[in-house]
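The values are calculated or read from the model by the stated rules, or taken from the named source; none is laboratory data. In this text the structure is predicted, and so the values were computed from the model without any measurement. Neighbour counts run over all protein chains shown; Cβ positions are idealised from the backbone, glycine included. Calculation scope for accessible area: heavy atoms of the full protein, side chains included, ligands and nucleic acids excluded. Shrake-Rupley method; radii C 1.70, N 1.55, O 1.52, S 1.80 Å.
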Amino acid sequence: MPIDDTIAAISTPIGRGGIGIVRVSGPLAKNIAEKAFVSKSGKEPGHFQLRYGQVMDGGNVLDEALLSFMEGPHSYTAQDMVEFSCHGGFASVRSILELVVRLGARLAEPGEFTKRAYLNGRIDLSQAEAVLELIDAKTKHAQLGASGRLSGSLSRKVKSSRDRILGLQARIEVSLDFPEYDDEAVSSEDILEACLDVRKDLGSLIESFDRGRLLDEGLKVAIAGRPNVGKSSLLNALVNEDRAIVADLPGTTRDVLSEFIHLGGMPLKIMDTAGIRQSRDAVELLGVGKSMQAVRDADLVLYVVDSSMGITDDDRRVWELVKAKPALGAANKSDLDVKPGFLEACAEIGIRFISMNAKDGEGLGELKDAIQEMFFTGGIEAGADEVFVNIRQKAGLDKALKSVDAAVAGARANVSPDLISIDLADAYKSLGLIIGEEASDDLVDKIFADFCVGK
Ligand code: GDP
């Protein structure tokens, strides 16, 4: 897509609403506004000014509107921009967009305004992603994280690591090119120290990924166990409302139901799964397939067993399916007599079991505490200067970390600095991908494809 033509789009959601905005960016923006808009005062808006008037299509008044003008490069896209703030709804914004297109603009692709901001160097790629993340933010945490990244919190950290890598490379170059300057020479210890410093910063950014995801989306918890051990009852007890069907018939819970609860400020998405077991019933099998998916997606499995029945062969089969995941055991039906040998069988399984009675909620507090201990030992609230990365950024950081690790190993083994320099160059490049300095067109297109039209 060229960036020197003029684009236009409706930037507000389509549908009934008080205000709708048609946005135009590019060299023709001002000219289009002059043709389409007649201001009440007879004056055109100056840079960052608003004018009140009418949008005119020939002799027809399309709407009353406010026209704003932002002159490039001091605008969202860094080009000349105008915005028509007219009445919301379907017809008005649409007719103004059609008019603007007739006057020389073309319809913008999704995310094209933000893409122009990036291509014109006003923001980097991580900031462009933050725009999308801010639009998509559903929690306060997600919102604050995205707005921090939009203002460059991640960019600054990445640039600082890159600068240090570049500085180190420069010192290596100098000592290779001018070996006679002994006092400038860079030792393996110097390299090691500098690399470990960068490594620490990359490590904490990488760690922020899981924590950020938990804070944004909540912890995914799957309740798993053979039929009739009390999974639905446990879900009910946890959410304290009767959404799951509690039945005496084995295998009646066929869908994966999910509910959100809050645990000390952290959202928990709890998924009840259909009884995982061998079944000839096609509908039930479907449920079982979904259950396995829920288990695979989960951050934590609550493995429910019936303490009055002991650990049965079915229980063991379920355990085989879920044991790869972090798990807590719920030894349910504690109101009934415990089957002899049950505790020994639990110990054999090797996870922590909490004795509980899902019917009257006994043991729930202990279960919640145990979840909290497992996941949130560091506290749930995010620190003000914590930067959370997305999955693409994490991949770039992982790659950079690998290269820095190779440099660390090289320095420890006293490898020649020019070889270490190759690893450093790789790390520098991987970090560049995060802010878009080394990004291919394909990658950039892929990132902007997720945007909405008009942003
Ligand atoms: P699921 O198939 O694993 O989802 O199990 P349900 O939650 O449907 O429970 C199966 C049966 O066990 C129902 O009759 C429940 O009322 C009963 N049940 C669940 N929890 C307890 C408990 O802690 N004590 C007793 N005595 N019965 C329970």
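The figures follow:
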item: Which of MET271, MET56, MET309 is most accessible, then next, and so on - probe 1.4 Å; result: MET309, MET56, MET271
item: For PHE90, solvent-accessible area (1.4 Å; no DNA, RNA or ligand), Å²; result: 130 Å²
item: Probe 1.4 Å - accessible area at LEU367, Å² to nearest ten; result: 0 Å²
item: Length released on extending from LEU196 to GLU348, taking residue separation times 0.36 nm less the Cα-Cα span; result: 50.6 nm
item: Relative contact order for the chain, counting Cα pairs under 8 Å that sit 6 or more residues apart, in percent; result: 16 percent
item: Two-site label geometry, ILE3 and ALA91: point separation in nm, points 7 Å out along Cα→Cβ; result: 3.9 nm
item: Potential lengthening between ILE391 and HIS262 on full extension [0.36 nm per residue; Cα-Cα distance subtracted]; result: 44.0 nm
item: Acute angle (nearest 10 degrees) that the helix 91-102 long axis makes with the longest principal axis of the chain, alpha-carbon atoms; result: 50 degrees
item: Accessible surface of segment 1-91 [probe 1.4 Å, protein heavy atoms]: carbon and sulfur percent; result: 56 percent
item: Built amide H within the under 5 Å cut-off of SER355, gap 5+; result: ALA331
item: Partners for LYS40 among lysines (Cα-Cα distance below 27 Å; same-chain residues under 8 apart left out); result: LYS30
item: Ellipsoid semi-axes in whole angstrom, largest first, where each is sqrt(5λ) of the Cα gyration tensor of the chain; result: 51, 39, 16
item: Cα centroid separation - segment 13-61 against segment 415-450, whole Å; result: 42 Å
item: Unsatisfied cross-links (Cα-Cα over 22 Å) in the set LYS269/LYS325; LYS323/LYS394; LYS269/LYS394; LYS269/LYS290; LYS325/LYS368; LYS138/LYS359; result: LYS323/LYS394; LYS269/LYS394; LYS138/LYS359
item: Label-to-label distance, nm, for residues given as VAL338 and ALA449 (7 Å Cα→Cβ offset); result: 5.6 nm
item: Approximate spin-label separation ASN60-MET374, in nm, with each point projected 7 Å along Cα-to-Cβ; result: 6.3 nm
item: C-alpha long axis of helix 125-136 to longest principal axis of the chain, angle in °; result: 70 degrees
